[in-house]
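What follows is a set of notes on a single structure, which appears directly below.
Values in this text are rule-based calculations from the coordinates and carry no lab data. Note that the coordinates shown come from a computational prediction; the quantities given were computed from them, not determined experimentally. When we count neighbours, we look across all protein chains shown, and the Cβ atoms used for this are built from the backbone with ideal geometry, even at glycine.
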Amino acid sequence: MSDVRSSGTSYEASERAVPKTALVLSGGGARGAYQVGALRGLHELLHEQRSLPFPILVGASAGSITNAFLGAHAADFPRAVRKLVNFWEGLRPDDVFRTDARTLARVAFSWAADLSLGSWIGTGRGRSLLVSDPLRALLHERLDMDALQGSIERGQLGAFALTTTSYRTGLAVTFFDGPTSIEPWVRSTRIGIRQHLTIDHVMASSAIPFFFPAVPVDGTYYADGCVRLNAPLSPAIHMGADRILAISVRYPRASDLGSHTLTAPNDGYPTAADTAGLLLNALFLEALESDVERLERINRTVDYFRAPSLRGARRLSGGFRSSSFGRPGTSATSPCKRSTDFRTCSVTSFVALAPPASAGWTF
């Protein structure tokens, strides 16, 4: 557990004075490169912005890697974006997992032994389909977690969180660091724990089950944070965000597709690649979209009833906006204006409710 920041940090001193915008990055594997492209577009629009425009960073899976780079360079947003672009542009499969024939053969033999002879020789040899040692080495070389810690301590970054999935409990576990005003949380399927964050936490958040080995943190094994994170926006709200910018890597919504597309017959029987793609899409892409809809529905309910018990509730301002920076009809330079245009978008800023503790609502 990390020791908390002193109450004198610049972040805590300005908590009530300055609206806090959170950046939420979901998973998506290699599609995390799209998120970096969106951040580069945002940097071009905010070319005079030197410091990180997001005091709160929340990520899962590949999003936790991207956010860790941003947090480590919170005082220099342009430099952080350049480092991210260089990182993702130069990334190759053998930077993430071992691709040599000897390793692949050893992994195949281990799984074959487990599946065919496990009842006689014991199981546990096949831990994952891929060996992710190269990714760990690359992160140790390129990602300075001590610098991220320093950004928090100096008040240049308000709070940082990444989400994993516990193999022991099946819960979504969000590890976070930030000021003392952020309290750990416990919900039915997710919890928040304050800890000093390391490369192990980042690796755990990106450890896709079956593909990558589980990662131990304090003796407990964890997997990719997207597996059980049904409310990916909740950590940002727990950490005090007033506004949220979420960059998703999703496929089109049902509302964006015509009736002909929705009912069109398949070209053929789904292949193994189609099946794998369907499972990975369900793992990485659907939770964020559902959470956005849930928060919008809560806001519409609150707007309709205006119940006295909800007076004093904090609203997260915003509306959906397209991710195509500079395209006619978009508003990337002011993404947090209220909008009733709920079109498909990958970069989203939206209204959400963060109620006072006495209201009895939980997120």
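Ranked by the mean number of other Cβ atoms within 10 Å of their residues, highest first, the peptides 134-141, 53-60 come out as 53-60, 134-141. The slack between Asp218 and Val85, meaning 0.36 nm per residue of separation minus the straight C-alpha distance, is 44.7 nm.
Once the chain from Asp267 to Val186 is taken as fully extended at 0.36 nm per residue, the excess over their C-alpha distance is 24.6 nm.
Which shape class applies to region 150-245: rounded if a/c is under 1.5, otherwise prolate when a/b exceeds b/c and oblate if not, where a ≥ b ≥ c are the square roots of the Cα gyration tensor eigenvalues? Verdict is prolate for region 150-245. Determine the shape class of region 141-195: with a ≥ b ≥ c the square roots of the Cα gyration tensor eigenvalues, call it rounded for a/c under 1.5, and otherwise prolate if a/b is greater than b/c, oblate otherwise. Judged from the Cα gyration tensor, region 141-195 comes out oblate (a/c at least 1.5, b/c at or above a/b).
In this structure the amide hydrogen of Thr164, modeled in the peptide plane, comes within under 5 Å of the amide hydrogens of Val173, Thr174, Phe175, none closer than 5 places in sequence on its chain.
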